[in-house]
Amino acid sequence: MAHKFQRWETLIGIIALTTVTRLDSVMAPSIVKIQQAFPNADPTQVESIASIGDVASMVASFIFGFILTRITYKHAAILGLTLLAAGGLLPIFIHKSVAQLIFFALIVGLGSGAITTILPSLSAAAYQGERRSNQFGFNVALEDGFAMVWIVLGGYLATISWIHNYYVYAITLVALVLAIFFVPNIQPTDNSATNAIDTNQQKDQWGFIIALVVISMLVEVLVAVMTNKMALYLNYYHIGGPSTAGQALLFVRAASIVAGIFISFYRKAFGNYLLAAGFGSIIIGALILIYVHTFWTSALAAFLIGTGGSVALITIPFLLSNLASAKVYPIVMGTFSALTSLGFAFSAWFFKYTAPLFSTNNLIGTFIAMIVLSAIIIIVLVVTQIQKRASN
């Protein structure tokens with residue numbers, strides 16, 4: 001571990017940031033109540049309160065990648081948490097129109113994007129080797145664990161009043177205080193040996209970086225299918241309704257938590273083929289959805305697909321930290337966060353045009369397209385040995 005970091009103090013700061021990373025999910029259950037409060041508002045605008053923050057987060061991730069090369073981790077964390085607190089708490093007092101709520105959702109998105117860029121950079125700088133990889137897994141497990149808490153809490157509060165959902169953002173004030181005391185007040189520094197390597201190796205590393213970032217985006221394209229299609233799938237096969245879909249989707253979150261906790265075990269089991277195994281898990285999940293149609297097999301498929309996505313999104317940032325210098329890493333991770341957000345948003349469009357190529361049944365065509373895309377990625381990973389070369 002770098003000598004400028006104090007182990008437990010930095011860990012407290014990291015935990016404070018992971019706690020609020022997915023805080024915007026608390027608003028999703030209140031959309032119906034907001035629509036009832038503003039009956040004349042465009043339903044699409046009301047729905048965007050829960051989704052427009054993703055667009056702002058994508059932009060902020062990219063911008064903060066550059067900002068973080070010029071300011072300290074502490075100052076960046078304070079800025080991100082301040083935006084998150086302002087966007088989440090001001091609607092308690094200012095909520096006369098949907099336009100105001102959309103504006104504040106954008107502010108929340110900017111704060112979330114900043115934090116998702118700071119977290120991996122801070123974790124990579126503070127820890128080395130096996131400990132760094134485990135920390136990435138711990139971060140993902142904690143983020144998704146709290147996301148489940150916020151969704152459940154948001155659903156409960158929405159039954160009282162949609163304004164109550166915004167009170168949950170008070171947790172950002174606690175995180176802000178912890179960040180002030182425990183996030184290190186230093187800039188990303190370059191302690192790596194990348195400056196000593198020759199120009200050809202430098203070009204090769206950037207090739208690996210670009211390839212891994214693109215693969216990350218494709219991971220989100222694949223995993224987002226569960227969010228976009230699960231309700232339609234369960235309805236089509238007469239398995240259940242929206243509430244059943246919500247229960248099945250919880251297995252995607254659960255898979256992320258399990259993968260985060262046991263990433264060390266997965267890495268030892270699959271070695272340099274861990275990324276390929278992750279996409280293999282997605283293929284198995286898609287095959288289950290094609291051939292077996294029950295709730296529990298749907299949940300199992302969701303878990304397998306979620307596991308594959310989580311393994312990739314834990315492993316790739318670790319590999320990128322080996323390939324990029326400490327000073328460049330925030331920019332790389334800002335791009336990583338932005339493109340994974342883009343992949344999630346682009347998923348529905350991707351399968352809209354690829355699914356018909358494989359089947360007249362849109363659902364079956366979607367799952368076949370998932371299998372084909374995953375298989376192509378596996379072939380690329382095995383042939384190029386990207387994970388092995390990046391690990392070294």
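The values are calculated or read from the model by the stated rules, or taken from the named source; none is laboratory data. Just so it is clear, the model here is predicted, and its values are computed rather than measured. Using ideal geometry, Cβ is built from the backbone for each residue, glycine included, and neighbour counts are taken over all protein chains shown.
For the stretch 236-257, enumerate the residues that are closer than 15 Å to Val292 by Cβ, in contact with a helix residue (DSSP H, G or I) (Cβ under 9 Å, 6 or more places away or on another chain) and surrounded by fewer than 16 Cβ atoms within 10 Å (Cβ to Cβ). Listed by number, the residues that qualify are Tyr236, Tyr237.
Leu23 meets all of the listed conditions (1) closer than 10 Å to Val108 by Cα; (2) without any contact (Cβ under 8 Å) to a residue 60 or more places away in the chain but one, namely (2).
Conditions (1) free of Cβ contacts under 8 Å to residues at least 40 places away in the same chain; (2) more than 23 Å from Leu68 (Cβ to Cβ); (3) not in a loop (DSSP other than H, G, I, E, B); (4) not assigned by TED's automatic domain parsing to the domain that holds Gly109, marked per residue:
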site	(1), (2), (3), (4)
Ala299	no, yes, yes, yes
Phe318	no, no, yes, yes
Ala338	no, no, yes, yes
Ser341	no, no, yes, yes
Thr360	yes, yes, no, yes
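The set of residues from the stretch 37-75 being within 20 Å of Ile151 (Cα to Cα) and out of contact with any Leu (no Cβ under 9 Å at 6 or more places or on another chain) comprises Glu47, Ser48, Ala50, Ser51, Asp54.
Take the conditions (1) touching a helix residue (DSSP H, G or I) at 6+ places or on another chain (Cβ under 8 Å); (2) without any contact (Cβ under 8 Å) to a residue 60 or more places away in the chain; (3) not in a helix (DSSP H, G or I); Ser281 misses just one of them, which is (3). The C-beta contact set for the stretch 134-147 (first residue under 15 Å from Ser321 (Cβ atoms), second residue assigned to a helix (DSSP H, G or I) and hydroxyl-bearing (Ser, Thr, Tyr), distance under 7 angstrom, 6+ apart or interchain) comprises Asn134/Ser264; Gln135/Ser123; Phe136/Ser123; Asn139/Thr18; Asn139/Ser123; Val140/Ser256; Val140/Ser310.
Thr340 meets the conditions (1) at pLDDT 90 or above; (2) within 16 Å of Phe279 (Cβ to Cβ) in every case but one. The failed one is (1). Taking the numbered list (1) part of a helix (DSSP H, G or I); (2) modelled with pLDDT under 90; (3) closer than 28 Å to Gly129 by Cα in turn, Ala326 passes all entries but (1).
Is it fair to say Thr117 is surrounded by fewer than 18 Cβ atoms within 10 Å (Cβ to Cβ), on the phi < 0 side of the Ramachandran plot, among the hydroxyl-bearing types (Ser, Thr, Tyr) and touching a residue at least 40 places away in the same chain (Cβ under 8 Å)? Quick ask: steps written out before the conclusion?
Details: surrounded by fewer than 18 Cβ atoms within 10 Å (Cβ to Cβ): no; on the phi < 0 side of the Ramachandran plot: yes; among the hydroxyl-bearing types (Ser, Thr, Tyr): yes; touching a residue at least 40 places away in the same chain (Cβ under 8 Å): yes.
Considered against the rule, which asks whether it is surrounded by fewer than 18 Cβ atoms within 10 Å (Cβ to Cβ), on the phi < 0 side of the Ramachandran plot, among the hydroxyl-bearing types (Ser, Thr, Tyr) and touching a residue at least 40 places away in the same chain (Cβ under 8 Å), Thr117 comes out as no.
The residues in the stretch 4-37 that are within 24 Å of His164 (Cβ to Cβ), of a type in the set (A, V, I, L, M, F, W, C) and modelled with pLDDT of 90 or more can be counted, and the count is 2.
Are any of the residues in the stretch 30-53 touching a residue at least 40 places away in the same chain (Cβ under 8 Å), crowded, with 24+ Cβ neighbours inside 10 Å and within 24 Å of Asn134 (Cβ to Cβ)? No, the stretch 30-53 contains no residue that is touching a residue at least 40 places away in the same chain (Cβ under 8 Å), crowded, with 24+ Cβ neighbours inside 10 Å and within 24 Å of Asn134 (Cβ to Cβ).
Listed here are the residues, each with its yes/no results for (1) modelled with pLDDT of 90 or more; (2) in a helix (DSSP H, G or I); (3) more than 22 Å from Ile160 (Cα to Cα); (4) not small (Gly, Ala, Ser).
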| site | (1), (2), (3), (4) |
| --- | --- |
| Ala2 | no, no, yes, no |
| Ile49 | no, yes, no, yes |
| Gly53 | no, yes, yes, no |
| Ile63 | no, yes, yes, yes |
| Lys74 | yes, yes, yes, yes |
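Any residue at all in the stretch 64-76 that is among the β-branched types (Val, Ile, Thr), touching a residue at least 40 places away in the same chain (Cβ under 8 Å), buried (at least 16 other Cβ atoms within 10 Å of the Cβ) and more than 20 Å from Ile180 (Cα to Cα)? No, the stretch 64-76 contains no residue that is among the β-branched types (Val, Ile, Thr), touching a residue at least 40 places away in the same chain (Cβ under 8 Å), buried (at least 16 other Cβ atoms within 10 Å of the Cβ) and more than 20 Å from Ile180 (Cα to Cα). Could you look through the stretch 77-102, keep only residues that are free of Cβ contacts under 8 Å to residues at least 24 places away in the same chain and not in a helix (DSSP H, G or I), and pick out the one that is nearest to Asn40 (Cα to Cα)? Among those residues, the one meeting the criterion is Lys96.
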